[in-house]
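Written below as structure tokens is the structure these notes are about.
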Amino acid sequence: MDIKKIRNFSIIAHIDHGKSTLADRILEITGLVGEREKKDQYLDKMDLERERGITIKAQTVRIPYKSKDGTTYILNLIDTPGHVDFSYEVSRSLAACDGALLVVDATQGVEAQTLANVYLALDHDLEILPVLNKIDLPSAEPERVIEEIEEGIGLDTSNITLVSAKTGEGVPELLEKIIKFIPSPKGDPNAPLKALIFDSWYDPYVGVVVLFRVIDGTIVKGQDILMCSTGKKYEVIRLGVFSPEAVDINQLGPGEVGFLCANIKELKDARVGDTITHPKKPTPKPFPGFKKIKPMVFCGLYPVDPGEYEDLKFALEKLQLNDSSLFFEAETSQALGFGFRCGFLGLLHMEIVQERLEREFKVNLIATAPSVVYQVVKVDGTILEVDNPSKLPPPVEIEAIKEPFVKMEIHVPNEYVGNVLKLCEEKRGIQKDIRYLTTSRVIVIYELPFAEIVYDFFDRLKSVSRGFASLDYEVIDFRPSNLVKLDILINGSPVDAMATIVHRDKAYYKGRALALRLKKVIPRQLFEVVIQAAIGNKIIARERIAPLRKNVTAKCYGGDITRKRKLLEKQKEGKKRMKQMGNVEVPQEAFLAVLKAE
Ligand code: GDP
Ligand code: MG
């Protein structure tokens, strides 16, 4: 393969700006995916991804493209995940590219993740080719958005392409610009083999599949390879490219992108970011290695039916095969019985996992409210990481509690800046910067406790900005805060799964709001139910649910049997997610009440 004829690039964009649609259009226009097998969003493999419109696993396609100059080029389109929770994966996939198409929605403009992605691309020295999408829409404002890209990002827009990924307009021109402006890879065919792993996943039939880009040297089917970080050796059993289906190939040289199978049993032996080399002639300069991604958000997952514990365990193990950032370990709760403490990269990641467990594995779950990780400095000087509020040591043993802080960048139109500042202040934010992207759009930068955004921040931001604000964040450090544990007691017994860690200034308010909220979601029982919120031994709120037999069919006098049955069925549905707590029945909602008790 002539290295000068290869172009390796990604598409980067803020969510919903049309990355997947553009990828589909490129596949179609180059003839790689014919009408027959054309599905919307070919690159988003899982149903769930299609529904949510995001890409979780990076997926790469090799596209032969005959340019107007008559030469056939190889375009390697590397699809990257589009969400902050997966930014490490984005960064690794970009490392395999020489350029990136920066897609900006012409009806929206530059958003927080547009900028975050540009920074990542610049970190990897990529050539950035701006693309203005959705120009078929009447609300498109190309001039305004081009100005935002010029002035807000500081990107040269002289080579910008106006496209409609939906209709295909402008996409042929874009393909020509990819050839013209994105540099071909550099690499030494005679140097020792050096290849970067930028994605890997577990396949039940072939074991781990590794996606890589060759930097130097050549990889040949049947040869031995060495993984630099683990020192483990394997034989390349299968070598190929996705185009878009798997096609076997005998060797791949510098600049080429492909996959290999080598009887690798576990994902941790083929980590994204690791270097593949030759065992006898290893590269002197492997990549710095992968970053161990630490889960930042935790919650408890319990089967509604204790008999489904093994099913849940099996499902988590299965999911973990393909998601090395998912963490779980067995946990027992007095309130909920046997279950698992699970760790996620962020909130979206958590939602996706919960949904897949229920949808693909059909387990009925009770999820506890998410919590961040706290660093507890004990009086004896040791540091304890606490990801479960009920595991906080007693106050006498605690010297200090540190909580994670994020740096958050919010993009918002002028008129909503006031609302956004107010929200950030309310969430204990520290203002770092406010600047104008253009005359009408503002970038607000805050440092905020991660715990404050885990709750309802995204929804609140949407509502105070009428949906016009966008955000991007990253965890930066741990800082000491005045935090206390807030306990919930039901009929005198603390419910471990409802404990939360809160700032002392907000504890009273939160305790009262939570008790009230629980009163609303816990149905009346045959006996009185007392709900209390407490800090240590001090009760700070008390609510009472009067006893009453709730007979739902009482209203259906006469013989309307179908209606009666429907009601009974509905009641049964509602019961599914009830958990018996002592003798009190508590619905799933109650465990998430903390999220809404503001
Ligand atoms: P992604 O999140 O960046 O991958 O965005 P998608 O490709 O999923 O697109 C988000 C939405 O915008 C989808 O509903 C697409 O159908 C729509 N969309 C994408 N490109 C265009 C376009 O050029 N014109 C119009 N009218 N809609 C588009
Ligand atoms: Mg997408």
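Around the amide H of residue 540, modelled in the peptide plane, lie the amide H atoms of 533, 534, 535, all under 5 Å away and 5 or more residues distant in sequence or on another chain.
For segment 375-481, the fraction of alpha-carbon pairs lying more than 19 Å apart is 49 percent, rounded to a whole number. For residue 400, nonlocal amide neighbours, meaning residues 5 or more places apart or on other chains whose placed amide H falls under 5 Å from its own, are 377. Distance from the Cα centre of segment 241-307 to that of segment 418-495, in angstrom? Between the Cα centres of segment 241-307 and segment 418-495 lies a distance of 34 Å.
Between residue 359 and residue 265, the C-beta separation translates, for a Förster distance of 35 Å, into a calculated FRET efficiency of about 0.80.
One decimal place: the segment residue 107-residue 143 gains 11.9 nm when fully extended, by the rule 0.36 nm per residue minus the C-alpha distance. Figure note: 164, 463 ranked by solvent-accessible area, largest first, 1.4 Å probe, ligands and nucleic acids not counted: 463, 164. Legend: calculated FRET efficiency, residue 430 to residue 397, from the Cβ-Cβ distance at R0 = 35 Å, rounded to 0.05, equals 0.75. Along the charge dipole of segment 153-254, which of 164, 153, 191 sits closest to the positive end, that is, farthest toward it, with unit charges on the beta carbon of Lys, Arg, Asp and Glu (+1, +1, -1, -1)? Sorting the options by dipole projection puts first 191. Pull out a ≥ b ≥ c, the square roots of the eigenvalues of the alpha-carbon gyration tensor of segment 297-373, then state rounded if a/c is under 1.5, prolate if not and a/b is larger than b/c, and oblate in the remaining case. Cα axes put segment 297-373 in the oblate bin. Against the compact-protein benchmark of 2.2 N^0.38 Å, the Cα-based radius of gyration of the chain scales to 1.08. Across the protein chains, with a 1.4 Å probe defining accessible surface, the residues 278, 349 rank 278, 349 from largest area downward. Per residue, segment 297-368 exposes an accessible area of 40 Å² to a 1.4 Å probe, with every protein chain left in place. Using a probe of 1.4 Å, the accessible surface attributed to residue 508 totals some 90 Å² when neighbouring protein chains are kept in position.
When you restrict to C-alpha pairs under 8 Å that are six or more residues apart and normalise by the size of the chain, the relative contact order lands at 10 percent. The candidates 163, 247, 417, arranged from most to least accessible area with a 1.4 Å probe in the full protein assembly, appear as 247, 417, 163. Using just its DSSP H runs of length 4 or more, each adding -39500 (n - 2.57), the chain gives a mean residue ellipticity at 222 nm of -7000 deg cm²/dmol after division by all residues.
The values are calculated or read from the model by the stated rules, or taken from the named source; none is laboratory data. Just so it is clear, the structure is predicted and the values come from calculations on it, not from any experiment. Every residue, glycine among them, receives a Cβ derived from its backbone with ideal geometry; neighbour counts consider all protein chains shown. Accessible surface is based on the protein model in full, side chains and every heavy atom, while ligands, DNA and RNA are left aside. Shrake-Rupley method; radii C 1.70, N 1.55, O 1.52, S 1.80 Å.
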